[in-house]
1. Let me know the charge dipole size of region B:8-62 about its Cα centre in debye, to the nearest 20, where only the beta-carbon of Lys, Arg (+1) and Asp, Glu (-1) is charged.
2. Under a straight-distance cross-link criterion of Cα-Cα below 19 Å, which aspartates and glutamates are reachable from B:Lys32, leaving out those fewer than 8 residues away in the same chain?
3. Need the C-alpha centroid separation for region B:137-153 versus region A:1-63, integer Å.
4. Once both labels are modelled 7 Å past Cα along the beta-carbon direction, what's the A:Glu151-B:Glu68 spacing in nm?
5. Quantify how strongly other chains surround peptide B:52-59 by giving the mean number of their Cβ atoms within 10 Å of each of its Cβ atoms.
6. Sorted from fewest to most neighbouring beta carbons within 10 Å, what does the list B:Thr73, B:Thr256, B:Thr202, B:Thr242 look like?
7. Using a basic spin-label model with each label point 7 Å from the Cα along Cα→Cβ, how many nm lie between A:Ala5 and B:Ala263?
8. Ignore the peptide's own chain and count Cβ atoms of other chains within 10 Å of each Cβ in B:11-17; give me the average, rounded.
Amino acid sequence: MDEIARLIEPQIPALRRYAFALLRDREAADDLVQDTLERAVAAWSGRHRDGDVRAWLFKIERNLFLRMVQRRSRAGREVGSEALEQVPDPCADPEADTGVKDVLAGIAALPEEQRSVLLLIAVEDMSYAEAAEVLGIPVGTVMSRLSRARERMRGFIETGRNGFLRRVK
Amino acid sequence: MSGATPRPIDEDDLLALVDGRLDPARRAFVEKWLGSHPEEAARVAADRDVRRRLREQLASIADEPIPERLRLTNFIPLRPEPVASRWPIAAAAAISLVIGGAGGWAGHAAMQAKPILERSGAGSATRDAVAAFRTFTAEVLHPVEVKADQEPHLIQWLSKRLGQPVLVPDLGAEGFHLMGGRVLPAGNTLAALLMYDDDQGTRLTLYSRVGAADGRSSFRYAREGDVAAFSWVEGGLSFVVTARIDEARLLRTAGTIDAQLRARTNATP
């Protein structure tokens, strides 16, 4: 049991940071982290012994987040899974603050798959391989999503919102 | 091959440069190339700026001390306790809170004024247990699937479905009598729900499901509206006792259940 504390506790600050970046709400973020820790402790004995604990924890947290978003959108109206990919964070309204080019508002308006790639790599300092493990996708897909995320963020910084790209010439 | 022309610069190089993930030789090559490609150089500068601003804006959260409710000690069973002090520390603290708050319902009111307490214990087992409580205690005709008059069959059935010996605690000392029980889905596992009532018709449920960590935890309190719950982990099972009664009585009941569970565990090594 001491092993769990020794390996998981150092990751809690980063799990809180990622949760906040996904949700942009302190209370909701800590709820997500709490659920993540509960799940992790319960599943501890079943994880791969030689696996990367950080990637394992982030994977749990992200999957819980996705389930939450899915439940929320199902509660609204019926949407297909492709539509869900395009649904930005519901709290994000990039039109509302076009004046302030807040990078957090920018990432909130990205599709989740791009948002998570950018956060895991740029903020959490994960390697491309580690991010691929968290997201359950090949490294090549990580690279192409990262490329699209950065392109949209450049557009966002340039125009104040990232829906419409303007090529910098 | 050292004299060969390096492979052409591609998108992955520009991404990896921003993230500091190029080896020194490649990085020098890419940076030199950017010197004669201002458009790509401006793009890399913009990407680095986004990366820096994201990190700055999010840095403060990771520097904060970990909030109390996210301390791992809340989730991990405490070190094995001596038999004499088996009652969990959190339970003792909860009792003193109730008693200290001028007793009984005055104490209950004091607890209600602290919404953080309501959230702090609400794990997924607790949420599922409270949902099951609301669903089935409201049933007039079919509150349970197997009634108490078939208790041996009930125990056998639940134990078989959960793959663990299920104990049906005797809560007569708390005024509660078994009504019966049922099996419920719980994610990819199963849960058992036992229902009790007292002479006033007040119903109480004991929810248990497999898949928890080994060992034992302290009691965690959660409240959702008028429903109160205490949850804990014992021997690989999560337990949640739920009722519309005051915390002190509910906690006593949880203690009684826990004591009977441990007596059973100790008796059958």
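Laboratory data are not the source of any read-out in this text; all were calculated from the coordinates shown. Note that the structure is a prediction, hence the values are computed from the model and not measured. Positions of Cβ are generated from backbone atoms using ideal geometry, with glycine treated the same way; all protein chains shown enter the neighbour counts.
1. Magnitude of the dipole: close to 300 debye.
2. Partners within reach: B:Asp10, B:Glu11, B:Asp12, B:Asp13, B:Asp19, B:Asp23, B:Glu40, B:Asp47.
3. 39
4. Between A:Glu151 and B:Glu68, the label points sit 5.0 nm apart.
5. Partner-chain Cβ atoms within 10 Å, mean over residues of B:52-59: 6.
6. Exposure proxy ranking, most exposed first: B:Thr73, B:Thr202, B:Thr256, B:Thr242.
7. 3.1
8. Taking all residues of B:11-17 together, the mean is 4.
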